[in-house]
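In what follows, a structure is listed as structure tokens, so that the remarks can point back to it.
The values are calculated or read from the model by the stated rules, or taken from the named source; none is laboratory data. This structure is a prediction, so every number in the text was calculated from the model and none was measured. All Cβ positions, even for glycine, are placed from backbone atoms using ideal geometry, and neighbour counts span all protein chains on display. Side chains included, ligands, DNA and RNA excluded: accessible areas come from the protein's heavy atoms. Shrake-Rupley method; radii C 1.70, N 1.55, O 1.52, S 1.80 Å.
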Amino acid sequence: MTNPVVQKVNPMLTEERAKASFPVEELTYILDGGKFNTEKRREIEELVTKDPNFEHPPIQFMTREQQYSLAVKKALLVQQRLKELDMLDDPYASYFFRRIAMPREVSPIGLHWVMFVPTLMGQCSDEQRERWLQRALNYEIIGTYAQTEMGHGTFLRGIETTATYDPSSQQFVLHSPTTTSIKWWPGGLGKTCNYAVVVAQLHTQGRCHGVHMFLVQLRDESTHRSLPGVVCGDIGPKMGYHTIDNGFLQLNSVRIPRENMLMRNAEVQPDGTYIRRVSNEKLTYGTMVFVRSLIVSDAARGISEAATIAVRYACVRRQGEPSSPGAPEPRLLDYPVHQYRLLTCVANCYGLWFASEVLRDLYFTVQPDVLEGRTERLPETHALSAGLKAVGSNRGAACVEECRRCCGGFGFSEASGLPKIYNDINPACTYEGENTVMLLQTGRHLLKCVERARRGEQLAPSDAYIRSRPTPQPKLAGGPLTADLLLGWLRWRSLSMLLEVSGRFNSFIEQRQAWADAFQAVSRRLTRCAEAHCILYVGQAFLDSAKAAENPKICGVLTSLCRLFLLNEVVSGAGDVQLSRSDLARCQDAIDSLLTELRPNAVALVEAFDLPDRMLCSVIGRYDGQVYEAMLQWARQSPLNATDVHESYELYTRQFLAGRSLAKL
Ligand SMILES: CCCCCCCCCCCCCCCCCC(=O)SCCNC(=O)CCNC(=O)[C@H](O)C(C)(C)COP(=O)(O)OP(=O)(O)OC[C@H]1O[C@@H](n2cnc3c(N)ncnc32)[C@H](O)[C@@H]1OP(=O)(O)O
Ligand SMILES: Cc1cc2nc3c(=O)[nH]c(=O)nc-3n(C[C@H](O)[C@H](O)[C@H](O)COP(=O)(O)OP(=O)(O)OC[C@H]3O[C@@H](n4cnc5c(N)ncnc54)[C@H](O)[C@@H]3O)c2cc1C
């Protein structure tokens, strides 16, 4: 463990830790992708922990301006440290450095490395890459990704900002023609960035060619003042994300050179002739596919943090009727219903963790082909990244919230660290494509797969089961409820639901409804099909990873956890298809048995994520389990406690008690 061995660990936690039936350290290596990665991550965590420059009081006691300012300092300091340590080119090292230096504090320059740089990589011609990419990688310029407008986020083709080509000056004129066309939301746009990739409708030679990307300088590189025609600022406080300046941007006929259109896939020649180089115009959406795949792993990491806090707390928190006179009150973790709430979160976390790895590998396998214009596997990659982004962030937010509630009143206190995690995960349900809209993209793809399967065409690996013939529902009562059997049932469920919805869709088409209308008519059901398809993917990734574990003890515990995940899906999906009462009852019994079996490993399963206290920032989830003393210390830091009598007493309360009117004060 990276946590320093504290003098006095709560004996209740020590007792729970001793119950582990498998080598926790080995599971950590699996989660990190190898011992080498674990060691590297720990080295980085130690570097940051020892660096006094990253020490500060809890940000929850600061104003938003203070939080933003500190976040800018830390984000830039991270870059300086990474450079000194020669780690800038190592994505794994830089990711962990940022994560531990700014735990669940969104970086004001986050969009630079999550979207701006990847967009330059994916959308620039080779020549443009040479001009801008190195400057961006060196942080000589800081950029964001400005796509969403006040009026349009989801419906990308409806964006109103225009980029009109002027052949006489060989410039594009970037303009926000309406209030609704003002860019709204981009991270770091308000105060931090000096450049942006701006998404706009391209007009040349009197024709509109749809959305394209343009590199626009927003602020002077030395004074940081906004350039003529550029009006930008912060959009104000949000539900979370206090450390980042999500911004607005109004462009008043801002001129940029022709060469600032990102020209990998399409080009405007000096005379204004438009040339499209690739047939698939959705390649412009490439950065979003990349970020959606990252969001799945970020959701899993969010649950791992919340579950570590809530499981540790459940081991040290006693509350309730003692089982016999004189016995201590039960621990929260002794309650089966509490075990269910927490262990299903842990199971979701592992499932999403492994699925995100498979998705990441798929993305990096397909991406080189896509860059060369070979797009055969792009529809599958888009459908999976969109659907898993939705399922991952929905589950992420739901599980973090469940863990928060599992901590009772303390879960509502910022001291628990849980609100910070929740507020960081929750917006992922909206950004990078609102979740329902993303599920509809996956659903659209699945409908098309059914059609292609009917025509006897090949399908991509993750869609291949759609080619199989409908079979009777697999029986769950009878033999053992193995993970393979349960996964088979989920595959059957996904196919049955899809065939039913596709049949309904086809009947609308036969009644001569337009494709779009028929799609709307089945859209509600289709989102459920998309979820079922993605859950199947998660279940498959989970089971494959469990089976791949060399240590039989780890293989055993992961398979049990995977069975809990699958059973929970079967039970909660029982209404999607008709699951018999006896099958349902068997699954419920199996869940109860699994809770008893997994309970001794609850702490080990979350501690395998190896999250140091510095990362969790939680008074109730500390490694040493000394919750109550730490809670009192935390409250003492509240600025309201700086004086015994608060100034509001003199100003208002005293007047009120004396019967004086407060109206004129
Ligand atoms: C280094 C390590 C770092 C680790 C970091 C870890 C941290 C991770 C967390 C990251 C934090 C990031 C901070 C926040 C960032 C938020 C940034 C944003 O929100 S930015 C703003 C984000 N904004 C959004 O996400 C906007 C959401 N809206 C959209 O994406 C689009 O409007 C749309 C997809 C909904 C529709 O598009 P539309 O043009 O109307 O298309 P139609 O429906 O008419 O379908 C036509 C055909 O196109 C197909 N196709 C579609 N997409 C793709 C694709 N990507 N590809 C391929 N194909 C695609 C589709 O399947 C269909 O095919 P077919 O059936 O014809 O064969
Ligand atoms: C924290 C945060 C950070 C962000 N960062 C950036 C950034 O860096 N850059 C950037 O460009 N943008 C950014 N965004 C914007 C984000 O991408 C959009 O908010 C998102 O794509 C949703 O678009 P919208 O806000 O227009 O929602 P709307 O489209 O108005 O959605 C409202 C509701 O309507 C539903 N709906 C919409 N269309 C349909 C449909 N066709 N069918 C069924 N239901 C539908 C949605 O499901 C949703 O529930 C950020 C947003 C947030 C919250």
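Between residue 83 and residue 585, what length in nm is gained on full extension when 0.36 nm per residue of separation is reduced by their alpha carbon distance? Gain on stretching residue 83 to residue 585: 174.9 nm. Restricting attention to the chain, close to 80% of DSSP beta bridges with both partner residues there are antiparallel.
Taking the Cα centre of region 143-279 as origin and assigning +1 to Lys and Arg Cβ atoms and -1 to Asp and Glu Cβ atoms, the resulting dipole is close to 220 debye. Modelled this way, with points 7 Å down the Cα-to-C-beta line, the labels at residue 454 and residue 170 are 5.4 nm from one another.
So if each residue of separation counts as 0.36 nm, and I subtract the Cα-Cα distance between residue 468 and residue 516, what length gain in nm does that give?
Details: separation 48, 0.36 × 48 = 17.28 nm, distance 2.69 nm.
Full extension from residue 468 to residue 516 adds 14.6 nm.
In region 154-232, which trypsin sites (Lys or Arg not before Pro) are in a loop and have at most 12 other Cβ atoms within 10 Å, using DSSP for the loop call?
Details: sites: 157, 183, 191, 207, 219, 225; in loops: 191, 225.
Answer by residue number: 225.
Ligands, DNA and RNA left out, the accessible area of the chain computed with a 1.4 Å probe is 54% carbon and sulfur. Taking the Cα centre of region 359-398 as origin, work out the dipole magnitude from +1 charges on Lys and Arg Cβ and -1 charges on Asp and Glu Cβ, in debye rounded to 20. Using Cβ point charges on Lys, Arg, Asp and Glu, region 359-398 gives about 240 debye. Each of residue 504 and residue 651 was given a label point 7 Å from its Cα along the Cα-to-Cβ line. The distance between the two points is 5.7 nm. Model label points for residue 641 and residue 130, set 7 angstrom from Cα along the Cα-to-Cβ axis, are 6.2 nm apart. Max-minus-min Cα coordinates of region 260-392 on each principal axis give 90, 27, 16 Å, with the largest extent listed first.
Keeping every protein chain present and rolling a 1.4 Å probe, give me the accessible area per residue for region 283-625 in Å².
Numbers: 13310 Å² over 343 residues.
Accessible area per residue: 39 Å².
Residues in region 1-152 average 48 Å² of solvent-accessible surface per residue, probe 1.4 Å, ligands and nucleic acids excluded.
Sorting 62, 615 by accessible area (1.4 Å probe), largest first, what list results?
Working: 62 40, 615 10 Å².
The ordering from most to least exposed comes out as 62, 615.
Annotation: amide H of residue 161 within the under-5 Å range of 201, sequence separation 5 or more or interchain, hydrogens built in the peptide plane. The trypsin sites (Lys or Arg not before Pro) found in region 265-308 that occupy coil by DSSP, while having at most 14 further C-beta atoms within 10 Å, are 277.
Remind me, relative contact order of the chain in percent, using alpha carbon pairs under 8 angstrom and six or more residues apart?
Here the relative contact order equals 15 percent.
Multiplying the residue separation of residue 140 and residue 664 by 0.36 nm and subtracting their alpha-carbon distance yields 183.3 nm. Taken over the C-alpha atoms, region 143-279 has Rg and Dmax values of 14.8, 48 angstrom. Along the axis of the charge dipole computed for the chain (Cβ charges of +1 for Lys and Arg, -1 for Asp and Glu, origin at the Cα centre), the listed residues 48, 70, 359 are led at the positive end by 359. First measure r as the distance between the Cβ atoms of residue 334 and residue 56, then evaluate 1/(1 + (r/R0)^6) with R0 = 30 Å and state the FRET efficiency to the nearest 0.05. For residue 334 and residue 56, the calculated efficiency is 0.20.
Rolling a 1.4 angstrom probe over the protein heavy atoms, how many square angstrom per residue are accessible across region 222-282? Present the calculation step by step, with values, prior to reporting the outcome.
On the way: 2940 Å² over 61 residues.
Spelled out: the 1.4 Å probe surface of region 222-282, per residue, equals 48 Å².
Over the heavy atoms of residue 547, what accessible area does a 1.4 Å probe trace out, to the nearest 10 Å²? Ignoring ligands and nucleic acids, residue 547 comes out at about 110 Å².
Taking Cα centre as origin and charging only the Cβ of basic (Lys, Arg, +1) and acidic (Asp, Glu, -1) residues, the dipole magnitude of the chain rounds to 1280 debye.
If we sort 431-438, 320-327 on the protection proxy, mean other Cβ atoms within 10 Å, highest first, what's the order?
Values: 431-438: 20.4, 320-327: 8.0.
Going by the mean number of other Cβ atoms within 10 Å, highest first, we get 431-438, 320-327.
In this model, which of 8/74; 35/547; 8/547; 40/74; 19/40; 50/420 are farther than 30 Å apart at the alpha-carbon? Violating the 30 Å Cα-Cα cut-off are 8/74; 8/547.
Rounded, prolate or oblate, given the Cα gyration tensor of the chain, with a/c below 1.5 counting as rounded? Oblate shape, in that a/c is at least 1.5 and b/c is the bigger or equal ratio.
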